[in-house]
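The values are calculated or read from the model by the stated rules, or taken from the named source; none is laboratory data. If you're wondering where the values come from, they're calculated on a predicted model, not measured in any experiment. Please note: Cβ atoms are built from the backbone with ideal geometry, for glycine as well, and neighbour counts cover all protein chains shown.
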Amino acid sequence: MKDTNSRLLLLLVLGGFALMLVDVRHMHRDVLSDEWQTWIPIFVSIIGMIVTAAVMFSLKLRPVAYFVYIAGAISGIYGSYLHSNGDVGRVTDLFASREIVAYAKDGDEAYESREQESEGTEPPLLAPFGLAGLCAFGIVGVMGLSQQKEEK
């Protein structure tokens with residue numbers, strides 16, 4: 001039963017890498033030629049798909065899968081660092097309790113100018129953590145396969 005659950009989890013991870021590939025390729029389309037770092041999540045997604053599919057059929061690839069998933073998690077953390085332009089405080093500020101100010105939408109010129117300034121100018125700070133989380137699920141899936149085979 002554990003083996004089936006682990007394989008199902010890895011199948012979901014495989015699908016997650018496929019969706020991550022499509023999403024990141026689309027979202028980074030304007031900066032792919034400008035910055036080499038934008039290719040990292042694309043390559044990690046491709047390699048992650050290949051390794052995830054392979055480890056479901058050959059348990060000998062478990063060490064390779066662990067390496068790829070750990071490297072992918074590190075690249076997700078690095079991506080968040082890049083998205084914050086090196087200011088880690090911006091990420092932690094998202095979780096700090098602050099006073100929230102509500103602005104009226106209708107007829108407020110200041111609101112409209114703030115919306116136009118913030119629209120499309122900054123990459124999402126937490127988006128790369130999705131890659132790190134996906135890799136964490138991959139590690140759990142491979143660990144389940146490892147335990148199943150060692151019990152037999």
With the condition kept exactly as written, say whether any residue in segment 9-16 is at pLDDT 90 or above, surrounded by 13 or more Cβ atoms within 10 Å (Cβ to Cβ), in contact with a Cys (Cβ under 9 Å, 6 or more places away or on another chain) and not hydrophobic (A, V, I, L, M, F, W, C).
no
Quick one: in segment 17-49, of everything that is of a type in the set (Gly, Ala, Ser) and closer than 20 Å to Ala73 by Cβ, which residue is surrounded by the fewest Cβ atoms within 10 Å (Cβ to Cβ)?
Ala18
Would you confirm whether any residue within segment 58-67 is touching a Ser or Thr at 6+ places or on another chain (Cβ under 6 Å), in a helix (DSSP H, G or I) and of a type in the set (A, V, I, L, M, F, W, C)?
no
Checking Asp93 against (1) at pLDDT below 65; (2) of a type in the set (Asp, Glu); (3) farther than 30 Å from Ala18 by Cα, which single condition isn't satisfied?
(1)
From Thr4, Thr52, residue being part of a helix (DSSP H, G or I), out of contact with any Asp or Glu (no Cβ under 6 Å at 6 or more places or on another chain), crowded, with 18+ Cβ neighbours inside 10 Å and among the hydroxyl-bearing types (Ser, Thr, Tyr)
Thr52
Restricting the search to segment 47-98, which residues are charged (D, E, K, R) and closer than 14 Å to Ile139 by Cα?
Arg62
